[in-house]
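Structure first, commentary second.
The values are calculated or read from the model by the stated rules, or taken from the named source; none is laboratory data. Note that the structure is predicted; figures quoted are calculated from it, not measured. In this analysis, Cβ positions are derived from the backbone assuming ideal geometry, glycine residues included, and neighbour counts consider all displayed protein chains. What goes into the accessible areas is simple: the full protein's heavy atoms, side chains included, and nothing from ligands, DNA or RNA. Shrake-Rupley method; radii C 1.70, N 1.55, O 1.52, S 1.80 Å.
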Amino acid sequence: MSISLLVVCGPTASGKTSLAIELCEQHGGEVVSADSMQVYRGMDIATAKPSARQLARVPHHLISVIEPSERFSVEQYCKLAHAAIADIHSRGKLPVLCGGTGLYIRAVMENWQLTEGEIKHETEGTWHQLHEVDPAAALNIHPNDSKRINHALALFHSTGVTLTAQNEQSHRLGTPYDAQMIYLVARDRQVLYDRINARVDEMLAQGLVEEAQAMPQGTAAQAIGHKELQPYLRGESSLEACVENLKRETRRYAKRQITYFGRMARERSERCETWEIS
């Protein structure tokens, strides 16, 4: 018997968290986060984690589960997500997979069987180099996330196989899930951009600068919201300039998410509803 799985996805600031909570309350569900940065402790503001009030309304899984200095792979995420979904289902609840990391969502929905493989090369590369050899993977990795970029490039140089090809070939044994997808999209792109700008302003009011200052170096420090503030914290740029860069980088990230999720929605047109945000 397949497990019913509801998936709520879309670009940053599209309202995924609020919608997922509402759906959980309506259908007796629990949220499984699909966000590659919300897994880190101490990054509450930059990653727009659910508030204490939201967490009290509906149980959430895979939020604040590892330290900022730790590396976290798609393989690790899938193991935790599958376990969380199985637990929720075993208690008669509806698992709701919600987030903006498309690779995580696809890997879980399609039940990818992942292995890290042996990586023999030390690699220092750029997002553009990754985009040349593995454009699909690059679309889901932020240009500032050097660790994930270098890992994907090292895998390619060591094995001759791209991260995307490994994920697709790894391989799918069939999925245990009967998944229904809800894709949040803004027909008017400016509506989304206005929401992004407003969110950044709210993050600053909540203490984003102080959170970035307290964050140790590591994978998590590459998150949008912390990386862009570093020049200000080092005294090399004004806060205003860094904030404008943060808003610009967040909009660019949203464009990449729209590309990724738009493709998923087309592939799953019979099992995907597109909901417009306003």
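Can you figure out the FRET efficiency of residue 214 with residue 157, using R₀ = 25 Å and their beta-carbon distance, to the nearest 0.05?
So the FRET efficiency works out to roughly 0.10.
Could you tell me which trypsin sites (Lys or Arg not before Pro) in segment 186-260 are loop residues by DSSP with no more than 16 other beta carbons within 10 angstrom of their beta carbon?
187, 234
Please give the solvent-accessible surface of residue 188 in Å², to the nearest 10, using a probe radius of 1.4 Å with every protein chain present.
90 Å²
Over all directions, how big on average is the projection of the convex hull of the alpha-carbon atoms in the chain, in square nanometres?
That works out to 14.6 nm², a quarter of the Cα hull's surface.
Pull up all non-local amide H partners of residue 179: gap of 5 or more, or a different chain, and H-to-H distance under 5 Å with H placed in the peptide plane.
Correct list: 5.
Could you work out the relative contact order of segment 207-278, using alpha carbon pairs under 8 angstrom and six or more residues apart, expressed as a whole percent?
Taking the mean separation of contacting Cα pairs over the length of segment 207-278, I get 19 percent.
Mind checking which lysines have their Cα closer than 20 Å to the Cα of residue 247? Skip sequence neighbours fewer than 8 apart in that chain.
16, 49, 227, 255
In terms of modelled amide H atoms, which long-range or inter-chain residues lie less than 5 Å from the amide H of residue 61?
Answer set, sorted by chain and number: 31, 32, 33.
List the DSSP H helices in the chain whose Cα atoms stretch 18 Å or more along the helix axis and whose mean Kyte-Doolittle hydropathy is at least 0.0.
For the chain, where a helix must reach 18 Å along its axis and average at least 0.0, the hits are 74-90.
With contacts defined as alpha carbon pairs under 8 Å and 6 or more residues apart, what's the relative contact order of the chain in percent?
28 percent
Amide H to amide H, which residues 5 or more places from residue 237 or on other chains are under 5 Å from it, using H placed in the peptide plane?
Excluding prolines and chain starts, which carry no amide H, the hits are 232.
Could you work out the helix-only [θ] at 222 nm for the chain, with each DSSP H run of four or more residues adding -39,500 (n - 2.57) and the total divided by the number of residues, to the nearest 500 deg cm²/dmol?
-14500 deg cm²/dmol
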